[in-house]
Amino acid sequence: MSYNLKSALSVTAAFLMSTTALYAADDLNALVWCDHTDPALLQPFEEQHGVRVNVKEYEGTAAGFAILDQSRTGDWDIMVIDTVDVARGAEEGRFASLPADAVDTSSFFPEVVMADNNTHDGQIYGVTEKFGYNTIAFNSSKVDAGDMEDMSNLWSGKYDGRIAVYDYYLPVLGLIGLEQGIATSDLDAAAVERLRDRTYGLKSAALQVSDVVASQTALATGEVDILIGGGEWVTAVLSAENPELDWSVPAEGALRWSQSVTMLESSENQELALEFIKYITGPEGQARLATSSCYWGMPANSAAGRELTDAEKAALRWDQQADYLIRTQLYPTPDADLDLAMQDLWTDMLQQ
Amino acid sequence: MSIEQQEKRRALGFVAPALLWTCAFFLVPFAVMVLLSLAHLEGREIIQSYDLGNYLKIFTEPSLFKGIVVSLEITLIVTIISVLLAWPLAWIIATQVPEKYQRLAIMLAVLPFWTSYVVRSYSWALVLGQQGVLMQMLMGIGFLDEPIQIMATRGATVIGFVHFFVMLLTLTIYSNLIQLSPNYARAAADLGASGWNTFRLVILPLTLPGIMTGAFLTFVLCIGDYITPQILGGNNELTMPQLIMLQLGRRGDFPMASALSVILMLLVTLAYAATARWLKMERV
């Protein structure tokens with residue numbers, strides 16, 4: 001009897017181990033931002049390749065790298081990351097280089113190819129997949145749109161208690177820097193310290209400092225009328241139900257975010273990972289990614305325009321991209337110490 | 001082997017699984033967390049050291065220390081308000097509701113437990129918002145001319161917490177009250193005690209175990225909660241769990257997150273020490 005039980009356990013264990021191995025071999029594991037969790041985005045790829053894409057969301061490059069550091073080698077195949085951080089990840093040996101001809105970027109918006117950021121030592125490590133703006137989103141029925149062309153109006157007192165601040169220190173401190181005439185590339189420790197009073201002032205004028213969902217909810221429900229750090233990624237997805245939600249790039253400029261898709265050096269599934277990168281940067285994947293349920297954003301590949309409806313392109317301000325691309329700056333790219341200093345300032349601001 | 005030794009071994013056999021479980025999933029992780037709290041972050045690297053730098057920083061850095069103060073203030077306010085609301089509710093259910101309907105009354109009292117905690121918090125956000133149900137109603141009846149700000153304040157956090165913990169305290173106090181013989185009140189009345197004195201000197205002390213058990217659970221759950229202040233507080237002041245999440249999610253500063261967690265555990269331990277004499281579950 002005990003022999004039979006032992007045999008049964010052994011067989012069961014062997015079966016479970018074999019199915020686990022098969023299951024893992026067929027899966028693509030991706031560390032992503034929330035827009036990649038939309039089933040409508042993943043389903044065509046899964047069906048075409050007969051695989052499952054397992055996704056885990058993260059927020060902020062430091063947190064993403066921490067997850068990689070705590071994972072076993074080979075756990076992850078794909079990582080979506082701020083384009084400005086691709087080279088850092090490549091330098092640290094996290095990403096695998098991509099074949100030069102893996103993705104044709106000739107139909108991409110030239111400004112977002114960002115070859116300098118996506119390459120390291122002459123090798124390509126990332127492909128820009130989506131971009132947009134951290135700027136000022138507002139309710140045009142309650143806010144004077146002209147006021148939103150000048151960022152200093154946010155500190156004027158006129159909109160006190162009607163402002164939400166997007167809870168992400170990099171774009172918002174970047175915006176405050178722009179308002180103070182400091183380019184994002186010039187933000188250093190001394191410049192960040194000079195932003196302290198202005199940052200505290202923004203907190204005083206704000207009703208809340210909130211994440212993506214809470215910010216969208218506050219703007220959509222009329223809890224606030226202005227979202228600092230918002231943009232098309234907040235308003236476009238709500239455009240059908242809330243056509244009065246708008247956004248602008250003020251005279252001082254705004255920040256341009258862009259995300260890249262990379263393949264992990266430790267991936268044991270690089271062939272499939274490369275196929276995923278091709279899918280996500282191709283016209284169909286790009287259109288689905290641009291209108292993903294979590295947040296919308298401009299597709300890096302202009303060929304996606306063929307797949308998008310006129311209403312979707314209008315919500316994304318497709319025709320105004322040339323102007324916006326000129327007037328916006330990239331995210332700050334702080335080193336470790338400056339990054340911590342910026343986070344310290346942000347925490348101090350939250351506790352004001 | 002004597003019978004006594006055999007009994008001891010048998011008893012050890014019974015408790016061994018629980019002991020092993022506690023060691024594996026509480027003591028060992030806790031020891032690792034304490035060790036990690038003595039490390040520090042250099043750039044993006046965690047350097048294992050053995051000093052109290054993180055603890056020193058928590059008590060000298062205003063934004064971190066304020067997290068402790070805010071957490072304690074909110075927790076104490078919530079605990080006190082919840083007790084004040086839960087006791088009368090439990091008393092009404094235990095003494096005024098016919099026995100055959102008491103189970104139904106308790107079920108109705110704990111009905112909100114059945115919904116997801118996150119959903120419940122977001123529901124409160126919709127109720128308390130400037131365009132929310134509450135403001136619309138107050139303005140509709142002419143009580144307010146324009147909406148007042150409750151959402152994204154400490155008040156909203158407290159309301160969200162109290163809604164949850166009143167249910168918990170009602171259960172612990174009710175289970176205490178139904179064990180009290182009505183003869184206590186009759187005896188006090190026979191001896192000339194007024195209704196107030198009977199409540200103050202007899203009933204209330206006898207329900208202290210239920211109150212303290214519920215208050216302790218409220219303290220533990222409230223001070224360690226991240227969801228409610230995050231959704232309802234509008235990030236306008238950070239509690240300890242929010243600070244811990246900031247260290248983990250953004251900074252990758254696991255040592256500082258560990259140090260904050262150790263302090264959180266110490267506060268819970270202090271709360272336990274303060275209420276331990278009443279925390280005998282068989283009395284509840």
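Throughout, read-outs are computed from the coordinates displayed, never taken from laboratory work. What you see is a predicted model; the values in this text were computed from it and never measured. Every residue, glycine among them, receives a Cβ derived from its backbone with ideal geometry; neighbour counts consider all protein chains shown.
Could you give the spread of the C-alpha atoms of chain A along their three principal axes, from largest to smallest, in whole angstroms?
81, 45, 44
Taking every pair of distinct Cα atoms and averaging 1/r, then inverting, what Kirkwood hydrodynamic radius in Å comes out for chain B?
Hydrodynamic radius (Kirkwood, Cα pairs) of chain B is 22.2 Å.
Would you grab the residues whose amide H sits under 5 Å from the one on A:Tyr133? Only those 5+ places off in sequence or on another chain, please, with H modelled 1.01 Å from N.
Residues meeting the criterion, in which the H sits 1.01 Å from N, are A:Glu232, A:Trp233, A:Trp257.
In debye, nearest 20, what is the charge dipole magnitude of region A:287-351 about its Cα centre with +1 on Lys and Arg Cβ and -1 on Asp and Glu Cβ, if you could check? Provide the component values of the computation, followed by the final result.
Working: 5 positive and 10 negative charges, 97 e Å.
Roughly 460 debye, rounded to the nearest 20.
Pairs to check: A:Lys56/B:Lys66; A:Lys130/B:Lys66; A:Lys56/A:Lys278; A:Lys130/A:Lys158; A:Lys203/B:Lys66. Give those whose C-alpha atoms are more than 28 Å from each other in this structure.
Working: A:Lys56/B:Lys66 32 Å; A:Lys130/B:Lys66 39 Å; A:Lys56/A:Lys278 20 Å; A:Lys130/A:Lys158 34 Å; A:Lys203/B:Lys66 17 Å.
Flagged as over cut-off: A:Lys56/B:Lys66; A:Lys130/B:Lys66; A:Lys130/A:Lys158.
Starting from region A:161-255, pick out the chymotrypsin sites (Phe, Trp or Tyr not before Pro) whose DSSP state is loop and whose Cβ has at most 11 other Cβ atoms within 10 Å. If you can, show how the numbers build up before the last one.
Working: sites: A:Tyr166, A:Tyr168, A:Tyr169, A:Tyr200, A:Trp233, A:Trp247; in loops: A:Tyr168.
Taking region A:161-255 and a limit of 11 other Cβ atoms within 10 Å, no loop chymotrypsin sites (Phe, Trp or Tyr not before Pro) are found.
Report the local net charge at A:Lys203: Lys and Arg +1, Asp and Glu -1, summed over other residues whose C-beta lies under 13 Å from its C-beta.
On the way: positive: A:Arg196, A:Arg198; negative: A:Asp160, A:Asp167, A:Asp197, A:Asp348, B:Glu237.
Counting the neighbours of A:Lys203, the net charge comes to -3.
Would you work out the charge dipole size for the protein assembly as shown about its Cα centre, treating the Cβ of every Lys and Arg as +1 and the Cβ of every Asp and Glu as -1, and quote it to the nearest 20 debye? Each step should come with its number before you reach the end.
Working: 38 positive and 70 negative charges, 780 e Å.
Value, rounded to 20: 3740 debye.
Would you compute the Debye intensity of the protein assembly as shown from its alpha-carbon atoms alone, equal scatterers and no solvent, and pass along log10 I(q)/I(0) at q = 0.07 Å⁻¹ to two decimals?
-0.57
Near A:Arg72, within a Cβ-to-Cβ distance under 15 Å, what is the net charge of the other residues, with Lys and Arg +1 and Asp and Glu -1? Before the final figure, lay out the partial values.
Numbers: positive: A:Lys56, A:Arg94; negative: A:Asp27, A:Asp69, A:Asp75, A:Asp77, A:Glu265, A:Glu268.
Within the 15 Å Cβ shell, the charges total -4.
Kindly write out, for region B:31-44 in residue order, the coupling ³J(HN,Hα) from the Karplus curve 6.51 cos²θ - 1.76 cosθ + 1.60 (θ = phi - 60°), rounded to whole Hz, with x marking Gly and Pro.
4, 4, 5, 4, 4, 5, 5, 8, 7, 8, 9, 10, x, 10
For the protein assembly as shown, what does -39500 (n - 2.57) per DSSP helix run (n ≥ 4), summed and divided by total residues, give at 222 nm, in deg cm²/dmol to the nearest 500?
Working: 30 runs with 334 residues, N = 636.
Per the formula, -16000 deg cm²/dmol.
Using a simple charge model, +1 on the beta-carbon of Lys and Arg, -1 on the beta-carbon of Asp and Glu, nothing else, what dipole does chain A show about its Cα centre, in debye to the nearest 20? Before the final figure, lay out the partial values.
On the way: 21 positive and 55 negative charges, 118 e Å.
Around 560 debye, computed over chain A.
Hey, can you grab everything whose amide H is under 5 Å from the amide H of A:Val55? Only 5+ residues off in sequence or another chain; H modelled, so Pro and N-termini drop out.
Correct list: A:Ala30.
Give the calculated FRET efficiency between B:Val34 and B:Leu85 to the nearest 0.05, with a Förster radius of 51 Å applied to their Cβ-Cβ distance. Mind showing how you got there, number by number?
On the way: r = 38 Å, r/R0 = 0.74.
It comes out at approximately 0.85.
Within region A:251-352, which chymotrypsin sites (Phe, Trp or Tyr not before Pro) sit in a loop by DSSP and count at most 13 neighbouring Cβ atoms inside 10 Å? Intermediate results must be reported in sequence, preceding the final value.
On the way: sites: A:Trp257, A:Phe276, A:Tyr279, A:Tyr295, A:Trp296, A:Trp318, A:Tyr324, A:Trp346; in loops: A:Tyr295, A:Trp296.
Hits after loop and neighbour filter: nothing returned.
For chain B, modelled as a Gaussian network with Cα springs under 10 Å, which listed residue fluctuates most, B:Ile47, B:Ile93, B:Ile244?
B:Ile47
Rounded to two decimals, what ratio of Rg to Rh does region B:1-91 give with C-alpha atoms and a Kirkwood Rh?
Working: Rg = 22.6 Å, Rh = 18.2 Å.
Across region B:1-91, the Cα-based Rg/Rh ratio is 1.24.
Determine one quarter of the surface area of the Cα convex hull of region A:165-316, which equals its mean projected area, and express it in nm² to one decimal. Present the calculation step by step, with values, prior to reporting the outcome.
Working: hull surface 45.0 nm².
Seen from a random direction, the Cα hull of region A:165-316 projects 11.2 nm² on average.
Which of B:Phe199, B:Phe143, B:Phe65 ends up with the largest GNM mean-square fluctuation for chain B, with Cα atoms connected below 10 Å?
Comparing B:Phe199, B:Phe143, B:Phe65 in the GNM, the peak value goes to B:Phe143.
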